[in-house]
Amino acid sequence: MKIGKVLRQHRNAQGKTLEAVSFVAGTDAGNLSRIERDEQRPSLDLLEEIARALGLTVSAIYAEVESQATAVKEPSDRYKTDKKRAAELEKQVNQLTRYFCSLSPEGRDLALNLVQTLKKAHPARDEKT
């Protein structure tokens, strides 16, 4: 998933308009629209301002982009022969994403740290070797 899609999902989930978010971020609605459609990449400074306008951190945005990109690949690559397992994994990832998006920025940082700790303590079977 691309960063623009994540930004748009959060903006829509919060019921904010392009105009409202772009005003707080110090840009114009057309620019934010191009970013959300992944037609334009924001500078790091602008991304920080957009994140702030959405009550997010840049690291949380990138983590969500990465986790959704991995979630899309994992079921098809790892569980090709087990469609039921892939469907269950996708359902769990979607549920985690909804929970993650509803957290405060501090809560998202804490959740990421918790998941990283869990991954170290309980690696997937194929990662133990």
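Scanning segment 27-53 for residues that are among the hydroxyl-bearing types (S, T, Y) and either in contact with a Cys (Cβ under 7 Å, 6 or more places away or on another chain) or buried (at least 17 other Cβ atoms within 10 Å of the Cβ) (or both) returns a single hit, T27.
For L47, only one of the following conditions fails: (1) part of a helix (DSSP H, G or I); (2) closer than 14 Å to K2 by Cα; (3) touching a Lys or Arg at 6+ places or on another chain (Cβ under 7 Å). What is its number? Every condition holds for L47 apart from (3).
Exactly one residue out of V24, V115, V65, V93 is in contact with a helix residue (DSSP H, G or I) (Cβ under 9 Å, 6 or more places away or on another chain), loosely packed, with under 15 Cβ neighbours inside 10 Å, modelled with pLDDT under 95 and β-branched (V, I, T), and it is V115.
The values are calculated or read from the model by the stated rules, or taken from the named source; none is laboratory data. Computed from a predicted model, the values in this text were never measured in an experiment. Cβ sites come from the backbone with ideal geometry, for glycine too, and all protein chains shown count toward neighbours.
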